[in-house]
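Undergrad: Dropping a structure here in structure tokens format, bear with me for questions.
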Amino acid sequence: MKRTEIELCRLGICPNYVGWHELTLALRLIQDDPMRLTALMRQVYMPVGEAVGKDWTAVERNLRTVVRRAWKVNPAYMVEIAARPLERWPETGEFLGMMYVFLTDGVEDAM
């Protein structure tokens, strides 16, 4: 998880930022089971909300906020993570998918 924390800080999302804990938990869940990306509300937002004592809608909002912050702080690095041009910040699910691929170097354990 140390690499995740370093990469998030490079994007301007550090532990003191609202949404940090939700994002790190979400990424951990996705790393455990990438299929969670296909059902974000049930498989990611709700379990993270239960873990941090918040409603899933608050988790979703906090994740949207950190994605926009990352875009504002370091859009060039976000484009590098995406490995393709981005004209605006990605949607939350797209960002989670990008981070998953970037952090796992595109290699899935199931293969």
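The values are calculated or read from the model by the stated rules, or taken from the named source; none is laboratory data. These numbers come from a predicted model, not from an experiment. Neighbour counts run over all protein chains shown; Cβ positions are idealised from the backbone, glycine included. Ligands, DNA and RNA are stripped out before the accessible areas are found, and what is left, the full protein with its side chains, is counted by its heavy atoms. Shrake-Rupley method; radii C 1.70, N 1.55, O 1.52, S 1.80 Å.
Undergrad: Could you list the trypsin sites (Lys or Arg not before Pro) in the range 45-111 that lie in coil according to DSSP, counting only those with at most 14 other Cβ atoms within 10 Å of their Cβ?
TA: In loop regions of the range 45-111 (DSSP not H, G, I, E or B), the sparsely surrounded trypsin sites (Lys or Arg not before Pro) are Arg88.
Undergrad: Using label points projected 7 Å from each Cα along Cα→Cβ, tell me how many nm separate Tyr17 and Arg3, to one decimal.
TA: According to this spin-label approximation, the distance is 2.0 nm.
Undergrad: Another question, then. Extension gain Gln31-Val52, at 0.36 nm per residue separation less the Cα-Cα distance, in nm?
TA: 5.7 nm
Undergrad: To the nearest whole percent, what portion of all C-alpha pairs in the chain is separated by more than 17 angstrom?
TA: Percent of Cα pairs beyond 17 Å in the chain: 49.
Undergrad: How much length, in nm to one decimal, is gained on full extension between Arg10 and Val101, taken as 0.36 nm per residue of separation minus their Cα-Cα distance?
TA: Full extension from Arg10 to Val101 adds 31.1 nm.
Undergrad: Turning to a different aspect of this structure: If you count only protein heavy atoms and use a 1.4 Å probe, how large is the accessible surface of Ile81, to the nearest 10 Å²?
TA: Taking all protein chains as shown, Ile81 has close to 10 Å².
Undergrad: Name the residue, out of Thr65, Thr57, Thr92, whose mean-square fluctuation peaks in a Gaussian network model built on the chain with Cα pairs under 10 Å.
TA: Of Thr65, Thr57, Thr92, the most mobile in the Gaussian network model is Thr57.
Undergrad: To the nearest 20 Debye, how big is the dipole of the chain about its Cα centre, given +1 on the beta carbon of each Lys and Arg and -1 on that of each Asp and Glu?
TA: 440
Undergrad: Sorted by accessible area (1.4 Å probe), largest first, how do Glu50, Glu5, Glu80 line up?
TA: From most accessible down to least: Glu50, Glu80, Glu5.
Undergrad: From the residues Ala58, Gly93, Ala82, which one has its Cα farthest along the dipole of the range 43-111 in the positive direction, the dipole being from +1 and -1 charges on Cβ of Lys/Arg and Asp/Glu about the Cα centre?
TA: Among Ala58, Gly93, Ala82, the one farthest towards the positive end of the dipole of the range 43-111 is Ala58.
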